[in-house]
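Shown next, in structure tokens, is the structure this report addresses.
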Amino acid sequence: MAEIFSSLASGISHSRLGNVDRQIILPLTISGVVGGILGAYCLSSVDGKLFRPYVALLLLALGVRIIYTFA
């Protein structure tokens with residue numbers, strides 16, 4: 001719930017500052033919702049231990065990239 005409100009506030013802020021292309025809001029929203037639902041449905045039927053190493057590698061790569069970017 002906290003992420004919903006913070007994302008909404010971020011979206012409103014970007015919209016007021018003119019950083020939003022209003023023509024693509026609806027297609028992006030629809031594809032994001034559909035992708036989120038399908039992803040959650042697919043992942044709910046798979047054992048979580050199978051994805052744990054991949055998620056760990058992804059988070060490690062993101063952390064290294066962040067440190068490299070700001071170092």
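Pairing each residue of region 4-32 that is in a helix (DSSP H, G or I) with any residue that is open to solvent by 70 Å² or more (accessible area, probe 1.4 Å) and among the polar types (S, T, N, Q), provided the two are 6+ apart or on different chains, yields C-beta distances under 9 Å for S13/N19.
Among the residues of region 14-47, those identified as small (G, A, S) and open to solvent by 80 Å² or more (accessible area, probe 1.4 Å) are S44, S45. Whether a residue is free of Cβ contacts under 8 Å to residues at least 12 places away in the same chain, surrounded by 10 or more Cβ atoms within 10 Å (Cβ to Cβ) and assigned to a helix (DSSP H, G or I) was assessed, and L50 does not pass this test.
The values are calculated or read from the model by the stated rules, or taken from the named source; none is laboratory data. Treat the numbers as computed from the prediction; the structure is a model and nothing was measured. Glycine gets a Cβ as well: all are built from the backbone with ideal geometry, and neighbour counts include every protein chain shown. Heads up: the accessible areas ignore ligands, DNA and RNA and are worked out on the full protein's heavy atoms, side chains in. Shrake-Rupley method; radii C 1.70, N 1.55, O 1.52, S 1.80 Å.
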